[in-house]
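Q: Next up is a structure, given as C-alpha cells.
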Amino acid sequence: MEKRNSLWDVFQKKNLSRRSFLKTCVAITGVLGLSPTMIPNVISAAEKRPLPPVIWLHGHECTGCDEAFIRSQSPLASDVILNMIALEDMEVIGAAAGEQLEHHAAEIMKKYAGQYLLLVEGAVPVGDNGIYCVVGGKTFEESLKEAAKGAAAVIAVGSCAAWGGIQAAKPNPTKSVAISDVISGKPLINIPGCPPIPEVLTGVVMHYALFGEIPPLDSKSRPKQFFGNRIHDTCYRRAFFDSGMFVEKFDDIGSKAGWCLYKVGCRGPEAYNSCGNMRWWNGLSYPIQSGAPCIACAANDFWDNDQFYQRLPNIPVPNTIASADKVGMVAAGAVTAGVVAHGIASAIQHKKHQEKEHKE
Amino acid sequence: MKRIVVDPVSRIEGHLRVEVVIDEASGKVQDALSSGTAWRGIEVVCKDRDPRDLWAFAQRICGVCTTVHALASVRAVEDALGIEIPKNANYIRNIIFASQTVQDHLIHFYHLHGLDWVSPVEALKANPASAASLQNTILEKYSLPFSGPIEFETDAYPKDFPKATTVYYKEIQAKIKKIVDSGQLGIFSAHYWDHPDYAVLPPEVHLIAIAHYLNMLDRQKDLVLSHLIFGGKNPHPHYLVGGMSCSISMNDMNAPVNTERLAVVDTSVNLGITAVNYFYLPDLLAIGDIYAKAGLLDGGGLAKERVLGFGDLPDETYTGTSNGSYHKNLLLRSNGVVENFGQGVANAVYHPFEPKDILDPNVITESVEHSWYEGDADIHPWKGETKPKFTAPKEGTKTNWKYLDENGKYSWVKTPKWRGKMAEVGPLARYIIVYTKVKQGIMEPTWVEKMMVDQVDAVSKLLNLPPEKWMLSTLGRTLTRGLDAQVFAYVNKYFLEKLIKNIKSGDTTVANMVKWEPSSWPQEAQGVGLHEPPRGGLSHWVVIKNGKTANYQAVVPSTWNACPRDSKAGYGAYEMAMIDTKVKVPEKPLEILKVIHSFDPCLACATHVFNAEGKQIAVVNTDPFK
C-alpha cells in the first residue's frame, strides 16, 4: 500500500459507483446514530479521510469479539474488511501465519508509524513476567507495548481488553489486567461487552475512519453514542418495571407475557450498553427479549458481581417505603421512573463502595 | 535438516505454535511439536460460584465454540442436581447446537481453512465463462442427495443459490484484481501465494471459492438466528439451569417465543440446508475430488490408530448422564473408541466408552511430561497435580523464544490419554466410530447414523476409494466436517419440527424450576455433562458443596488433539498428523498450516485447565464421585 486511500478513493479504485458510495455513507450515518442532517458531513469525511491501516492483536481472550465483528450487518463484514479499512494484521481471518505475518506486521508498524489504528482483543496477563500468553515467541505484554508505540489510537475490543474480563475475575490466576493498565499516552476507546454488539464495534471503527478522530467518550473512555444510556432506560420491558409487573420465577406467567426480569436478577439498571435501543443484529433480539436477565456484560467487574440471578439491592421507591415488590402499588410516572433509576444507580454504587472498603 | 517455526498459527482460535524439523531433500517431516502458548484459568475462576451461573463463565472458555461450553455446563449441573429438563428445552438446545455446528463448520471451511486450498491470486487467471460453466458442473456432479425426515417443507425454493453467470464471475474477478493491484491486500497480505499446491486446482475453482468466501462471509450470521431468538445474542447466548429462559406463549404479545419468532428460526434453519447443499458441500467435494485424484492424501496421523467420541443429540429428554439415561436415546451414538481403522472397517476394533469409564482412573489419565507443570505420573484428571513449572526454551529466553525444547516441557496443554494411549477426536472421529459400529453390526442406525453411513459410502464411490484411504487424511478430516454440517442442517430442521409439534400438543414448558432454589439441593452433589460439539468429544465436570461450586473441570476436544507427546504413548494428534505430511517448500510450510487447520484448532479451549498458583484446583485430589 503506497498511499493511504480515502473511502471514496477505494470505491473508485474498486469500480464502485458514486451512487453506491453515497448509499454507504447514508447507511453509515444511521449506524453511527447521527441525524440525517449529518449525511453531508459523512460524505465529505468519507471523500477526504484516508483509510487507516488497522492492526488487531489478540491476548487473553476467547475470540468471541472477532466472531461478533464478522456478524456485523450494517456495514456488512465483507465491506468493512475489504473496502473500508486496511486490516493488515489479523490472526483470526488473515491468510498469513508465523514469521511472514510477524514480519509484515513489523513493516506496517514502521511504515505507518503514528497512523495506524490498533485494535486489541483480550486482557494482558502480567503475572510471572507475562509468560501466560506468549505469541510469536514474545509475551503479549511486550508485543502490545511495541504495537502501541506507533498507534494513532487504541481500541479496546470487548470487556477483557477494556476491564480485564473473565480471566481477571476472582482469583485472577494469571494477574490479568485491562490494556489501559499497560499502555498509556495514546487516545483510548473502550468498547466493552462480552462480546460487544457487532454494529457497535464496526460503528466505532467507522467513526474513526470517517471523521479521523475518536468519537466523543465518557469518563470511562466509552463512546457516548453507544454507552450513554443503561439498558434499563431503553428496555422495551421498562413499562412493566414501572407498573410493577415482574417475572417471579422462570417460565411463570410473567415470563410468558414478557414482564420485567428485575426480580430474577436483571442487571439492566446498571448496564450501560446499546442492547435496549439497537438490540442485536439490527434489532432482532437481546437477552432480555429472549427472557434472560441481563448480566451487564459491558460493565467493569461484572463477573464478580454475581450471583447473576440474585436481584440488585432493593430499590428505595420515592414517596413510599416500599421496595420493588410494591412498585406496582404506586403510579409510576416518568419522573418517578427517573428517580427510581437514580435510586438503583446509587444503591449499586453504594454496594460497590462497601465491597471495595471491605476488600481494603 | 531444517527447523521451521510457525507462530502464531493464524486462522484458528487462540494461541498455537508449531515447530517442525523437515528433511529438505525428501520433504519429510522428521519431528513436530505443537505448543499451546497461553493459559487463562477459567476453571479456577469458576470455583465458589453459584452453580446456576456456571454456564456463563464456562461459555467464555471460547467464543468460536460459543454455546458449546455453556451447554456442557448446564448438563453437568443438571446431572449433579438431578434435574430433568422439559421436552421443549431439549429440542431448543439441540436446535442451538445444530445451528452452531452448521455455522461453525461453514466458517471454518470458507474463512479459516479455505485459503489453504484456494488463492485470490490464482483466481485472477480464471476464465469467467469457464467458471460459470464449471459452477454448473459442480452443482450437478458434487451434490449428496441425502436429507433428514422433513414433514413440513417450508422452503418454497432455494433462496441462496450459487450464481453461475459469466458476468458475475467477471465482476468478482475485477474486484479481486483491484485489490491485488492496489497493493492493499489487507487480510490477504504476506501469505505464501506462490506455493506449488495452489496450482493443484484449476483457476476457475479458485475464483468460485473466493466468490463464495465473500458471499458466505455475509451470510454466516444468518445461520445462527436461533441463538438470538432462544438465547438473546451470539456469540454467548443465554442458558438456564433446568431448561431455557425463552418462555413460549401464543397468547401473549410479548412472549420470547411465539409464531413470528419460530418463523425467524425456520428461515435460518432453511438457509443452513441450502448453504450446505448448494455451496459448502459441492465446493468441498469438487476440491476433494481433485486432491484425491492428485494423490494428495497425507496427514492422517493418529486417526489411523485411534479415535474417541462421547455421543450426543438426545432425541428426548433424560434424567441424567451419570445414571446412563443420557446415552439411551441419542441420535448420534459416536460414544466409543475405534482403533485400527487404517486397516479398513472390517479390521477396526471398537471399544465401548461409557460414563462410568470417565470415573475410572485406569481409563482416562493425563500426563504432564512435556507440559509446563510438575509431576511425571499418569493420573486421573481429578487427581491431577497442577503445579506450574515453566521452563526455558531450548534456544532463547523464557520471554523471547527461538526454539522450544521437544525433549523437555513445551506446552500449556496437558496430554490426556485413553487407557494409556493417545486418541484423536472431532468430526472424523465421529464418522469413523459410527461407520464402524453400523458396518460391524454393533448397532442399528438411527436416521442420523444412517445418513452418516450413506454419506461415507457415497463419497467413497465418488472418489473411487475405500473409506480408510480418503478419510484418514487432511482432506478426510475436512470432508467429514462438511458431511457433519449436512447432517446437522437436517438435525436442525428435525428438532424445530419436534418443537412445533410439541407446542401444538399444548406443552409450552421450557424450564423445570422444581430444584431452582439451593435449599432444594443436596449438601453435596456431582455431575458430568457430555457433548459432541463441532470439534469433538467434550465433558464438563462439577462438584457442588453447600450450594457453591467446589470443583469444576472440563476435558476439551482440542486438548486431546493439540497435546504434546508422551514417552510411553507417543505423539499427540496434531504432531502425528504433521509428521505424516510432506512439505514441499520448508520456508513456506503451507501443508503444515493445512493439516493443522484440518483439525479446526481451538486453543483457548485446550489450555484453560490449570492453576497457576501451583495449588490443586479445588478438590482435585479426591474423586468427585466419591
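What follows draws every value from the coordinates through simple rules; no lab data is involved. All values reported here derive from a predicted model rather than from experimental measurement. Every residue, glycine among them, receives a Cβ derived from its backbone with ideal geometry; neighbour counts consider all protein chains shown.
Q: Once you put a point 7 Å from the Cα of A:N282 and another 7 Å from the Cα of A:E213, both along the Cβ direction, what distance in nm separates them?
A: With each label placed 7 Å out from Cα toward Cβ, I get 3.1 nm.
Q: Distance check, please: which entries in A:K111/B:K178; A:K175/B:K233; B:K175/B:K493 exceed 31 angstrom between their Cα atoms?
A: Details: A:K111/B:K178 22 Å; A:K175/B:K233 29 Å; B:K175/B:K493 37 Å.
The pairs that break the limit, which is 31 Å between Cα atoms, are B:K175/B:K493.
Q: Run through region A:170-251 and list the GluC sites (Glu not before Pro) located in a DSSP loop whose Cβ has at most 15 other Cβ atoms within 10 Å. Show your work: numbers first, answer last.
A: Working: sites: A:E199, A:E213, A:E248; in loops: A:E213, A:E248.
Counting only loop positions with at most 15 other Cβ atoms within 10 Å, the GluC sites (Glu not before Pro) in region A:170-251 are A:E213, A:E248.
Q: Using the basic label-point model (7 angstrom from Cα toward the beta carbon), what is the A:D301 to A:S184 distance in nanometres?
A: Rounded to a tenth, the inter-label distance reads 2.1 nm.
Q: Continuing with the same structure: Any chance you could run the full-extension gain for B:Q30 through B:K356? It's 0.36 nm times the residue separation minus the Cα-Cα distance, nm to one decimal.
A: Numbers: separation 326, 0.36 × 326 = 117.36 nm, distance 3.88 nm.
Length difference between fully extended and current span is 113.5 nm.
Q: With viscosity set to 1.002 mPa s at 20 °C, what whole-number translational diffusion coefficient in µm²/s follows for region A:129-280 from Stokes-Einstein and a Kirkwood radius over Cα pairs? Display every interim value, and only then the final one.
A: Values: Rh = 17.6 Å.
The diffusion coefficient I find is 122 µm²/s.
Q: Let me ask something else about it. DSSP H helices in chain B with Cα extent of 27 Å or more along the helix axis and mean Kyte-Doolittle hydropathy at least -0.5?
A: Numbers: long enough: B:87-107 (30 Å, -0.14); B:474-504 (45 Å, -0.06).
Helices passing the filter in chain B: B:87-107, B:474-504.
Q: Long-range amide H contacts for A:V177: which residues qualify at under 5 Å (H placed 1.01 Å from N, peptide plane, sequence gap of 5 or more or a different chain)?
A: A:V124, A:V126
Q: Could you give the spread of the C-alpha atoms of chain B along their three principal axes, from largest to smallest, in whole angstroms?
A: Projected onto its principal axes, the Cα set of chain B covers 70, 63, 50 Å.
Q: Turning to a different aspect of this structure: For region A:157-166, in order, what is each residue's ³J(HN,Hα) by Karplus, 6.51 cos²θ - 1.76 cosθ + 1.60 with θ = phi - 60°, in whole Hz (x at glycine and Pro)?
A: Rounded to whole hertz, the list is 8, x, 5, 5, 5, 6, 10, x, x, 5.
Q: Where does the protein assembly as shown land on the Kirkwood hydrodynamic radius, alpha-carbon pairs, in angstrom?
A: On the way: mean 1/r = 0.0353 Å⁻¹.
After inverting the mean inverse Cα-Cα distance, the result is 28.3 Å.
Q: Using the charge dipole of the protein assembly as shown (Lys, Arg: +1 at Cβ; Asp, Glu: -1 at Cβ; taken about the Cα centre), state which of A:L101, B:N329, B:L185 has its Cα farthest towards the positive end.
A: The residue sitting farthest along the positive end of the dipole is B:L185.
Q: While we're looking at this one, here's another question. Of the GluC sites (Glu not before Pro) in region B:1-103, which ones lie in a loop per DSSP and count no more than 15 other C-beta atoms within 10 Å?
A: Details: sites: B:E13, B:E19, B:E24, B:E43, B:E78, B:E84; in loops: B:E24, B:E84.
Those that pass, being in a loop and sparsely packed, are B:E24.
Q: Among B:F57, B:F188, rank each residue by its count of other Cβ atoms within 10 Å, from fewest to most, as a rough exposure measure.
A: Working: B:F57 24, B:F188 21.
Listing B:F57, B:F188 from fewest to most nearby Cβ atoms yields B:F188, B:F57.
Q: Report the gain in length on full extension from B:K582 to B:A377: 0.36 nm times residue separation, minus Cα-Cα distance, nm rounded to one decimal. Before the final figure, lay out the partial values.
A: On the way: separation 205, 0.36 × 205 = 73.80 nm, distance 3.41 nm.
My answer for the length gained is 70.4 nm.
Q: Under unit Cβ charges (Lys, Arg +1; Asp, Glu -1), what dipole magnitude, rounded to 20 debye, does region A:7-227 have relative to its Cα centre?
A: On the way: 19 positive and 21 negative charges, 158 e Å.
Taking the Cα centre of region A:7-227 as origin, the dipole is about 760 debye.
Q: Stretch B:D218-B:Q523 to full length: gain in nm at 0.36 nm per residue minus the Cα-Cα span? All intermediate terms of the calculation are to be shown ahead of the outcome.
A: Working: separation 305, 0.36 × 305 = 109.80 nm, distance 4.95 nm.
Contour length minus Cα-Cα distance gives 104.8 nm.
Q: Could I ask something else about it? First measure r as the distance between the Cβ atoms of A:E107 and B:F146, then evaluate 1/(1 + (r/R0)^6) with R0 = 51 Å and state the FRET efficiency to the nearest 0.05. Could the numbers behind the result be given before it?
A: Numbers: r = 49 Å, r/R0 = 0.95.
Using R0 = 51 Å, I get an efficiency of 0.55.
Q: Using a Förster distance of 56 angstrom, determine the FRET efficiency expected from the C-beta separation of B:A156 and A:Q310, and round it to 0.05. Spell out each step's value before the answer.
A: Numbers: r = 48 Å, r/R0 = 0.86.
My answer for the efficiency is 0.70.
Q: Related question: Given R₀ = 25 Å, what would the calculated FRET efficiency be for A:M245 paired with B:M250, taking r from the Cβ atoms and rounding to 0.05? It would help to have the intermediate numbers written out before the result.
A: On the way: r = 20 Å, r/R0 = 0.79.
Computed FRET efficiency for A:M245 and B:M250: 0.80.
Q: Right, another one. In Å and whole numbers, how far do the C-alpha atoms of region A:7-227 stretch along each principal axis, longest first?
A: On the principal axes, region A:7-227 reaches 55, 37, 30 Å in Cα extent.
Q: Which of B:D194, A:D128 has the fewest other C-beta atoms within 10 Å, and how do the rest follow up to the most?
A: On the way: B:D194 11, A:D128 15.
In increasing order of surrounding Cβ atoms, one gets B:D194, A:D128.
Q: What list of ³J(HN,Hα) values in whole Hz, one per residue of region B:47-57 in order, does the Karplus curve 6.51 cos²θ - 1.76 cosθ + 1.60 (θ = phi - 60°) give from phi, with Gly and Pro shown as x?
A: Karplus values, whole Hz, x for Gly and Pro: 4, 6, 7, 5, x, 6, 8, 4, 4, 5, 5.
Q: If you don't mind, another one. With each pseudo-label sitting 7 Å past Cα toward Cβ, what's the B:R3-B:T399 distance in nm, one decimal?
A: Here the modelled spin labels are 2.3 nm apart.
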